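For reference, the structure is listed below as structure tokens.
The values are calculated or read from the model by the stated rules, or taken from the named source; none is laboratory data. On a predicted model such as this, the values are computed, not experimentally measured, just so you know. Please note: Cβ atoms are built from the backbone with ideal geometry, for glycine as well, and neighbour counts cover all protein chains shown. The accessibility values were calculated without ligands, DNA or RNA, using every heavy atom of the protein model including side chains. Shrake-Rupley method; radii C 1.70, N 1.55, O 1.52, S 1.80 Å.
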Amino acid sequence: MVKSAAMIRQSSLTKLGVMINTAVNSKRNNSNGEIQWCFSQVKGTLDDDVTEADIISCVEFNHDGDLLATGDKGGRVVIFQRDPVSKNCIPRRGEYNVYSTFQSHEPEFDYLKSLEIEEKINKIRWLKRKNQAHFLLSTNDKTIKLWKVSERDKRVEGYNTKEENGQMRDPSCITALRVPVIKPMELMVEASPRRIFANAHTYHINSISVNSDQETYLSADDLRINLWHLEITDQSFNIVDIKPTNMEELTEVITAAEFHPKECNLFVYSSSKGTIRLCDMRAAALCDRHSKLFEEPEDPTNRSFFSEIISSISDVKLSNTGRYMISRDYLSVKVWDLHMETKPIESYPVHEYLRSKLCSLYENDCIFDKFECCWNGTDTAIMTGSYNNFFRMFDRTTRRDATLEASRDIAKPKTLLKPRKVCTGGKRKKDEISVDCLDFNKKILHTAWHPSENIIAVAATNNLFLFQDKF
């Protein structure tokens, strides 16, 4: 009798287990085991009339993800701060409000070369926080600036030698000494330039990267990479120089450069020839000889007139662990293991359907667009942009991918993003879009992923879209 009761109990537990597993698996299957992204916010006007100066040119989260900075073609930097209520509520939400806006760069003119220097912000990089203030580096084509962003919520009143409006008092009128007092005031966020690093680049700066020692950083242009100390503005060390003696012999240019996240002596840089070089600054003062060369052999079947252009690497990012790196060329994203130079360990096609359109993309100059790529906080997923305001997500664990759209049509809180599909020919399904209908003027070049949460920032022309996992 006891045995029978035990068997019945075991049978009930088994059924309960099966029911729980079925429920969990059905939920997982509904979402394909993937993150379900939903709309959170959009920043910037949604008008069709876009001013060139308002176009976003870079996006960057700081190290804890509480601040998000954007730079635009008008030389402005806008910093958004995470809303404390949305951060601490359950479930957590990724909502950001404007924290500070300042003019980082102004248009200049180089009289020696008769060249206009654009104010456009090419890159923003945050320094790790050491005190109450925040520090970031911003650069245009020629000049890098170190900015201090700090808060002030108190003011001093009752000076002896000056009035409240700042005007100096006549010493003969001072008959008694006052003790100045500190009074609260409305919070004011100030941005001030602490250092200006200029006159070190002959060509346009395409990258800046802060070293893991938080004391030095590198800046790269088309032919050279310089190493700077954050406290010294009047000198830098040239650590890579690929400029040939005769410029007619020039065959490649530097497209991106980045320091290793953990080893302060290592950095990588990519080239227009589709190669990535890893250099060790301990080996020599001038790193003209690389330690490792990462290059994928070309597939002869895909060889065409455009092969060299589309193999040019537009961005390279080392993983948070420092073991891997991703590179973005025109049609794909590749994952490299720093221990294996011969070929990438993973390759993800971004918009392979454009291979047949390369001729028209060459004619309208879109083939030269520089798409960026980024990792998530755990190095398990990759994000990069495409055309028609599409952006691509690749899950390294499940090997699934998704095409999502940053569109004003879904600009309602909690709206789920539906995966988009591009039809290349034949019969088009209801939810698909034809490759011939893609808008190449709408492009996602700049994206950023929160360092520890599933919150992403996507720059679509003059709008900044914020998405997060379903809540």
Report the charge-dipole magnitude of the chain in Debye, nearest 20, computed about the Cα centre from +1 at each Lys and Arg Cβ and -1 at each Asp and Glu Cβ. 2600 debye
Can you divide the C-alpha Rg of the range 345-471 by 2.2 N^0.38 Å and report the result to two decimal places? 1.07
Report the Cys residues of the chain lacking a disulfide-compatible partner, meaning no second Cys Cβ under 4.7 Å from their Cβ. Cys38, Cys58, Cys89, Cys173, Cys264, Cys359, Cys366, Cys373, Cys374, Cys423, Cys437
Determine the relative contact order of the chain: mean sequence separation of Cα pairs under 8 Å and six or more apart, normalised by residue count, in whole percent. 14 percent
Expressed in angstrom and ordered largest first, the alpha-carbon extents of the range 169-212 along the principal axes are 61, 27, 20
Taking the square root of 5λ for each eigenvalue of the C-alpha gyration tensor of the range 318-398, the equivalent ellipsoid has semi-axes, largest first and in whole angstrom, of 25, 14, 11
Just checking my list (1) 24.3, 80; (2) 26.4, 109; (3) 21.2, 63 against Rg and Dmax of the Cα atoms in Å computed from this structure; which label fits? (2)
Nearby lysines by direct alpha-carbon distance to Lys343 (threshold 16 angstrom, same-chain neighbours under 8 apart not counted): Lys273, Lys292, Lys334
Calculate one ³J(HN,Hα) per residue across the range 407-424 by plugging θ = phi - 60° into the Karplus curve 6.51 cos²θ - 1.76 cosθ + 1.60, and present them in order as whole Hz with x for glycine and proline. 10, 5, 5, 9, 6, 10, x, 6, 5, 6, 7, 8, x, 9, 10, 10, 9, 9
Please report how far the C-alpha centroid of the range 371-422 lies from that of the range 217-259, rounded to the nearest whole angstrom. 33 Å
Looking only at lysines whose Cα falls under 17 Å of Lys414's and that sit 8 or more positions away or on another chain, we get Lys43, Lys87, Lys470
With the 8 Å Cα cutoff and a minimum separation of six or more residues, the range 192-242 has a relative contact order in percent of 30 percent
Contact order relative to length for the range 326-471, counting C-alpha pairs under 8 Å separated by 6 or more residues, stands in percent at 19 percent
Could you please state how large a percent of the accessible area of the range 297-358 is carbon and sulfur, counting protein chains only and using a 1.4 Å probe? 54 percent
Per residue solvent-accessible surface (Å²) - the chain, probe of 1.4 Å: 54 Å²
Gap in Å between the Cα centre of the range 291-308 and the Cα centre of the range 313-338? 16 Å
Regarding the range 400-459, what whole-number volume in Å³ per residue does the convex hull of its Cα atoms give? 130 Å³
